[in-house]
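Chemist: Dumping the structure here so I can ask a few things about it.
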Amino acid sequence: FLLSIVSLAAARVTARQISDPLDQMRASAERMAKGTSAERLPTPEPQELGRVAEAVNQLTAEWSTRLQRALQQRNEQDAVLASMVEGVLAVDGSMNVISINRAAAKLLGVETASAAGQGLAEIVRNSAMQAFVARAVDTKTPLEQEITLHQLGRTQVLQAHGAQLKDMHGEGIGAVVVLNEVTELRRLEQVRRDFVSNVSHE
């Protein structure tokens, strides 16, 4: 009886020595999956578990480095897009807005904060713009088109350049569109044409 009690106690201690490190590894993996930083795991006494813990620690260190690099690249990208005069709009294959900078939001008359994740048709009512973006999603070659918008009693002429977004395998996953307002340029060109026509007539 005493031997059984001692054996059970020893088995319980051994089980704890195995289960506790495994629980720590599981918790570390869950934190990484949620995108939060994971602390370095202590090296447990069993040699086999120690090697697994070191592998998890190495994976955690690499993951943290990649996460920091990705965050830095995203912040740099956001800063560049925010400072651009040109409007930049990106959509996925289902025509849902992935990203839109302030210039594009201003040109299209939408709110930057609420646009992400919405369908393009929900925030841009212009059929020509919707059709152009849809063609950019499905076409492998770059596109260019002038689009006229009528908003708040004002007519705007936009020069749109579209290109397909591709994944690492070269498959189309959406499109990016760059917008430039050329309203004043087109007005001046019309004035020039009218002037030349009037001079020629006189």
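Chemist: Please give me the summed charge of the neighbours of V110: other residues whose Cβ is under 14 Å from its Cβ, Lys and Arg +1, Asp and Glu -1. Walk me through the intermediate numbers first.
Modeler: Working: positive: R102, K106, R125; negative: E111, E122.
Net charge in that neighbourhood comes out at +1.
Chemist: Still on this structure, please answer the following. Divide by every residue of the chain the summed helix terms, -39500 (n - 2.57) for each DSSP H run of at least 4, and state the resulting mean residue ellipticity at 222 nm, rounded to the nearest 500 deg cm²/dmol. Numbers along the way, then the final one.
Modeler: Values: 7 runs with 115 residues, N = 202.
That comes out to -19000 deg cm²/dmol.
Chemist: Whole-Hz ³J(HN,Hα) for each residue in the stretch 164-177, computed from phi via Karplus 6.51 cos²θ - 1.76 cosθ + 1.60 with θ = phi - 60°, x for glycine and proline: what do you get?
Modeler: With the stated coefficients, the stretch 164-177 comes to 6, 7, 10, 8, 5, 9, x, 8, x, 10, x, 7, 10, 10 Hz.
Chemist: Report the Cα-based extents of the stretch 151-202 along its three principal axes, largest first, to the nearest Å.
Modeler: So the extents along the principal axes, rounded to whole Å, are 62, 29, 10.
Chemist: For N101, what residues show an amide H to amide H distance below 5 Å, using hydrogens built from the backbone and excluding near sequence neighbours?
Modeler: V88
Chemist: Nearest 20 debye, what's the magnitude of the dipole of the chain about its Cα centre given +1 on Lys and Arg Cβ and -1 on Asp and Glu Cβ?
Modeler: Values: 21 positive and 24 negative charges, 48 e Å.
I would put it at about 220 debye.
Chemist: With θ set to phi - 60°, apply the Karplus curve 6.51 cos²θ - 1.76 cosθ + 1.60 along the stretch 143-156 and write out the HN-Hα couplings as whole Hz, x wherever there is a Gly or Pro.
Modeler: 10, 8, 6, 8, 10, 9, 10, 10, 9, 6, x, 10, 9, 10
Chemist: Sort M25, M129, M84 from largest to smallest accessible area, using a 1.4 Å probe on the heavy atoms of the protein chains.
Modeler: On the way: M25 25, M129 0, M84 60 Å².
Solvent-accessible surface, decreasing: M84, M25, M129.
Chemist: Can you list the residues, at least 5 places off or on another chain, whose amide H is less than 5 Å from the amide H of I173, using H built in the peptide plane?
Modeler: The answer is L165, K166, D167.
Chemist: Follow-up. Determine Rg/Rh for the stretch 80-169; Rg is computed over alpha-carbon atoms and Rh is the Kirkwood hydrodynamic estimate from the same atoms.
Modeler: Working: Rg = 12.7 Å, Rh = 13.5 Å.
Expressed as Rg/Rh, it is 0.94.
Chemist: Taking every Cα atom in the stretch 86-129, find the radius of gyration and the maximum pairwise distance Dmax, and write them in Å.
Modeler: Radius of gyration, then largest Cα-Cα span, for the stretch 86-129: 9.2, 24 Å.
Chemist: Counting Lys +1, Arg +1, Asp -1, Glu -1, what net charge surrounds V91 among other residues with beta carbon under 13 Å of its beta carbon? Spell out each step's value before the answer.
Modeler: On the way: positive: R135; negative: D92, E122, D138.
Computed value for this residue: -2.
Chemist: Give the peptides 122-128, 76-82 in descending order of average Cβ contacts within 10 Å, highest first.
Modeler: Descending mean neighbour count gives 122-128, 76-82.
Chemist: Would you mind counting up the charge near V182? Only other residues with Cβ under 13 Å from its Cβ, with Lys and Arg at +1 and Asp and Glu at -1.
Modeler: Numbers: positive: R186, R187; negative: E86, E144, E146, E181, E184, E189.
Charge balance near V182 sits at -4.
Chemist: Given the options A134, A53, A90, state which has the largest fluctuation in a GNM of the chain using a 10 Å cut-off (strictly under) for Cα springs.
Modeler: A53
Chemist: For the chain, what is the Kirkwood hydrodynamic radius in Å, using each pair of distinct C-alpha atoms? It would help to have the intermediate numbers written out before the result.
Modeler: On the way: mean 1/r = 0.0454 Å⁻¹.
Kirkwood hydrodynamic radius for the chain: 22.0 Å.
Chemist: Can you give the FRET efficiency to the nearest 0.05 for M168 and E189, using r as the Cβ-Cβ distance and R₀ = 35 Å? Please report the intermediate quantities before stating the final value.
Modeler: Working: r = 43 Å, r/R0 = 1.22.
Step by step, r from the Cβ atoms, then E = 0.25.
Chemist: Cut-off 10 angstrom, C-alpha nodes, Gaussian network model of the chain. Which of V191, V85, V157 fluctuates the most?
Modeler: With Cα springs under 10 Å in the chain, the top fluctuation among V191, V85, V157 is at V191.
Chemist: Ok, one more. In whole Hz, what ³J(HN,Hα) sequence does the stretch 100-117 give by Karplus (6.51, -1.76, 1.60; θ = phi - 60°), x for Gly and Pro?
Modeler: 8, 8, 4, 5, 5, 4, 5, 5, 8, x, 10, 8, 4, 5, 8, 7, 4, x
Chemist: Multiply the residue separation of A131 and L143 by 0.36 nm, subtract the distance between their alpha-carbon atoms, and state the gained length in nm to one decimal.
Modeler: On the way: separation 12, 0.36 × 12 = 4.32 nm, distance 1.18 nm.
Here the segment from A131 to L143 would lengthen by 3.1 nm.
The values are calculated or read from the model by the stated rules, or taken from the named source; none is laboratory data. None of the values given here were measured: they were computed from a predicted structure. All Cβ positions, glycine included, derive from the backbone under ideal geometry; neighbour counts span all protein chains shown. Ligands, DNA and RNA are stripped out before the accessible areas are found, and what is left, the full protein with its side chains, is counted by its heavy atoms. Shrake-Rupley method; radii C 1.70, N 1.55, O 1.52, S 1.80 Å.
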